[in-house]
1. Before I look further, what does the stretch 25-69 give for accessible area per residue, probe 1.4 Å, in whole square angstrom?
2. Put +1 on the Cβ of every Lys and Arg and -1 on every Asp and Glu Cβ in the stretch 25-69; which of 46, 28, 67 then has its Cα farthest towards the positive end of the dipole?
3. Using the basic label-point model (7 angstrom from Cα toward the beta carbon), what is the residue 62 to residue 20 distance in nanometres?
4. Placing unit charges on C-beta atoms (Lys and Arg positive, Asp and Glu negative, everything else neutral), compute the dipole magnitude of the stretch 25-69 about its Cα centre in debye, rounded to 20.
5. For the stretch 30-70, go through all pairs of different Cα atoms, get the mean of 1/r, take its inverse, and jot down that Kirkwood value in Å.
Amino acid sequence: MTHWFHRNPLKATAPVSFNFYGVATTPAAAKICNDLRSSRTRLLELFTDSSCNPEMMKNATDLYFSLLQG
């Protein structure tokens, strides 16, 4: 039997820096990487914020996934 019940359900995923220095060579690409980093950080902060409402979570999620999809 696995010990799934010992895992923290709010545990953050592995940190992602979105540092693609050799690949993201244009200013627009660097801006997208910075936006991705900040929106992911904001989304992960909302998971543990007690004052967060569903609308805030939906907006943060939509922003993050829209940046990922392009």
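The values are calculated or read from the model by the stated rules, or taken from the named source; none is laboratory data. Bear in mind the structure is a predicted one, so any value in this text is a computation, not a measurement. Neighbour counts run over all protein chains shown; Cβ positions are idealised from the backbone, glycine included. All accessible areas refer to the heavy atoms of the entire protein, side chains included, with ligands and DNA or RNA removed. Shrake-Rupley method; radii C 1.70, N 1.55, O 1.52, S 1.80 Å.
1. On the way: 3090 Å² over 45 residues.
Roughly 69 Å² per residue, with all protein chains present.
2. In the stretch 25-69, that residue is 28.
3. 2.5 nm
4. Result for the stretch 25-69 is approximately 180 debye, rounded to the nearest 20.
5. One over the average 1/r among Cα pairs gives 10.4 Å for the stretch 30-70.
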